[in-house]
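A short worksheet on the structure shown next.
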Amino acid sequence: MTADLIGNGIVCFMSLIGFIFAAVNYFRPETETYQKMIAGALGCCFICRLFEIVQFFVAEKLPKIFEVGTLGSIGCFMFLMAAFIGTMDGFVDDGSKAFKKYRWKAVIFTLIFDLAAVMILLSPASVSMRVSLAVEEVLIGGTAFFSFKQLIIPKDLAKGASKFKPFYLIALLFSLGHMLEIVIWVYDPSGIVIWIIPYLMLMLTIPALAPAFKWGVKRWKM
């Protein structure tokens, strides 16, 4: 049993817990769309991991070609991006010049995700896998951009929306963990130690996303 299978199994279980928590709290008629998107993101994460576990037991390995599980992961970050772009980022950043320097700092920070996308395109994986994972890395970078920007905006500018900062920190660590996991996976280094870092980040952040988000909504509306 390989390190990535063990990690995927634990992350899958954590994703299920996070999705159930989010679904119970946000799949209600009175909740706003951006809140339901958090549940959608966790649901996609769970489906992705579940598919990869099943695929491993069927094929006895995770082939480095495009597979359906990748779509679940892409869907996860599309939901998060939609929540940020559609509503959450607008809570603070109104597009004025006062936030311009924070946008540029976030752009510079997310260059590491662009570097990861280039590393993936240069990896020994199949062309279809490289392209799909590079697209996924761009979406992860977008999530990291909004999370990092909201974290560095001072509380006096963020006002009540600063209550979401714990959620943004967790979302940023989740993005970093996912980025590291993909880069490590496509290059397939030997040894289990290097896998511990991304999987530990994912195991801790995934079940915390929905509770931190709920805490932010509750505190913001007080």
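Observations
- When the helices (runs of 4 or more DSSP H) confined to the range 23-139 are screened for residues that are without any contact (Cβ under 8 Å) to a residue 60 or more places away in the chain and surrounded by 20 or more Cβ atoms within 10 Å (Cβ to Cβ), those reaching at least 3 such residues are found at 33-59, 68-86.
- Conditions (1) modelled with pLDDT of 85 or more; (2) over 24 Å from residue 129 (Cβ atoms); number of the one not met by residue 49: (2)
For every residue, the table says whether it meets (1) more than 25 Å from residue 151 (Cβ to Cβ); (2) modelled with pLDDT of 85 or more.
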| site | (1), (2) |
| --- | --- |
| 90 | no, no |
| 93 | no, no |
| 101 | no, yes |
| 109 | no, yes |
| 127 | yes, no |
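- Residue check, residue 159 assigned to a helix (DSSP H, G or I) and either among the aromatic types (Phe, Trp, Tyr) or surrounded by fewer than 22 Cβ atoms within 10 Å (Cβ to Cβ) (or both): yes
- Single residue of 141, 160 found to be at negative phi, modelled with pLDDT of 90 or more and among the small types (Gly, Ala, Ser): 141
- From the list 186, 138, the one residue that fits, being among the β-branched types (Val, Ile, Thr) and more than 29 Å from residue 104 (Cα to Cα), is 186.
- Residues satisfying the stated conditions in the range 138-155, i.e. more than 19 Å from residue 90 (Cβ to Cβ) and over 10 Å from the mean Cα position of the chain (by Cα): 138
- Qualifying residue in the range 39-53 (condition: within 25 Å of residue 123 (Cβ to Cβ) and of a type in the set (Val, Ile, Thr)): yes
The values are calculated or read from the model by the stated rules, or taken from the named source; none is laboratory data. Note that the coordinates shown come from a computational prediction; the quantities given were computed from them, not determined experimentally. Virtual Cβ from ideal backbone geometry, glycine too; neighbours counted across all protein chains shown.
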